[in-house]
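Below: one structure, written as structure tokens.
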Amino acid sequence: MPIKNNTYRVLNRAVGRALHRYEMIADGDRIVVGLSGGKDSLTLLSLLKERQARVPVKYELFPVYIDPGFDGGFTEELQTYCNDAGFTLRIEHTNFGIISHSSLNRENPCFLCSRLRRKRLFEISGELGCTKLALGHNQDDIIETLFLNICYAGEISTMTPCQTFFNNRLFIIRPLAFAGEDIIVRYAKDNGFPDFANKCPSAKVSKRREMKALLNQLYTSNKKIRGNIFRSLSHVKTEYLLK
């Protein structure tokens, strides 16, 4: 059980707001939880498990980790952590990370790796009879994706808290959509989550990391900017955009 201090209460309220606003979880849902080994997905799994014992909506959780295939990974450590927490972790050993960073790939390695991992998570969700796929993207991820798409894709778009695929047969849900990375970092620290080392060669040089650094510079100038950017995603005046 998580430590129920003020950090927990703030984070739990943010998750509850996202779950209710977008009707993310229904009674009887079977939910794949995509784990990366990072603080976001571990926090997501922790909070969804904690809610199971106290909410009237009944659902099942199936954590899945897609191993990208890099040497020196943390698969065994993550499996042990999940076992100790009462979960049976499904591990998919792949070479997605290797392929994405090879000379065969002409795309951004992060883009291809993400696409391949997402495709496999879709397939596993179908195999397990799950209609929901929960991912640990937070408020900052959504903001960063907006700016990445503006700068590198030439479009105004981002990840949404709830997305439907395959004629409503599968939904991606992001219960941490209203939670900032700072509160998640505190929650992970308070609850002693393990710090798994990311062996991806692009982990410290990705475009997302560059965008995060740029936005953090902006946030330091005015503490209201992060919230204003996020709220703007729900207040789009299309009549003032080019057509």
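The values are calculated or read from the model by the stated rules, or taken from the named source; none is laboratory data. This is a predicted model, so every value here is computed, not measured. Positions of Cβ are backbone-derived with ideal geometry, glycine not excepted, and every protein chain shown enters the neighbour counts.
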Self-check item: Matching residues in segment 46-68 - criterion: being over 15 Å from Leu121 (Cα atoms), part of a strand (DSSP E or B) and of a type in the set (Asp, Glu)
Solution: Glu60
Quiz item: Limited to segment 52-79, what total is found for residues that are closer than 22 Å to Cys110 by Cα and among the charged types (D, E, K, R)?
Solution: 2
Exercise. Can you work out which of the residues in segment 153-203 that are aromatic (Phe, Trp, Tyr) and part of a strand (DSSP E or B) is nearest to the chain's Cα centre (by Cα)?
Key: Phe171
Exercise. Scan segment 5-16 for residues that are closer than 16 Å to Leu45 by Cα and not in a helix (DSSP H, G or I) and jot them down.
Key: none
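Residues checked against (1) closer than 15 Å to Ser36 by Cβ; (2) modelled with pLDDT of 95 or more; (3) small (Gly, Ala, Ser); (4) crowded, with 16+ Cβ neighbours inside 10 Å:
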residue: Gly126; (1), (2), (3), (4): no, yes, yes, no
residue: Asn138; (1), (2), (3), (4): yes, yes, no, yes
residue: Glu155; (1), (2), (3), (4): no, yes, no, no
residue: Asp195; (1), (2), (3), (4): yes, no, no, no
Quiz item: Taking segment 17-38, which residues are in a helix (DSSP H, G or I), surrounded by fewer than 21 Cβ atoms within 10 Å (Cβ to Cβ) and in contact (Cβ under 8 Å) with a residue 24 or more places away in the chain?
Solution: Arg17, Ala18, Arg21
Quiz item: Does any residue of segment 168-187 turn out to be polar (S, T, N, Q), exposed (fewer than 10 other Cβ atoms within 10 Å of the Cβ) and either closer than 26 Å to Ile31 by Cα or in contact (Cβ under 8 Å) with a residue 60 or more places away in the chain (or both)?
Solution: yes
Self-check item: Within segment 47-79, tally of residues that are at pLDDT below 95 and among the hydroxyl-bearing types (Ser, Thr, Tyr)
Solution: 1
Quiz item: When Asp71 is evaluated against the numbered criteria (1) surrounded by fewer than 13 Cβ atoms within 10 Å (Cβ to Cβ); (2) closer than 21 Å to Phe122 by Cβ; (3) among the acidic types (Asp, Glu), which criterion, by number, is the only one it fails?
Solution: (2)
Practice problem: Take segment 89-117 and flag every residue that is charged (D, E, K, R), surrounded by fewer than 16 Cβ atoms within 10 Å (Cβ to Cβ) and in a helix (DSSP H, G or I). | Solution: Arg115
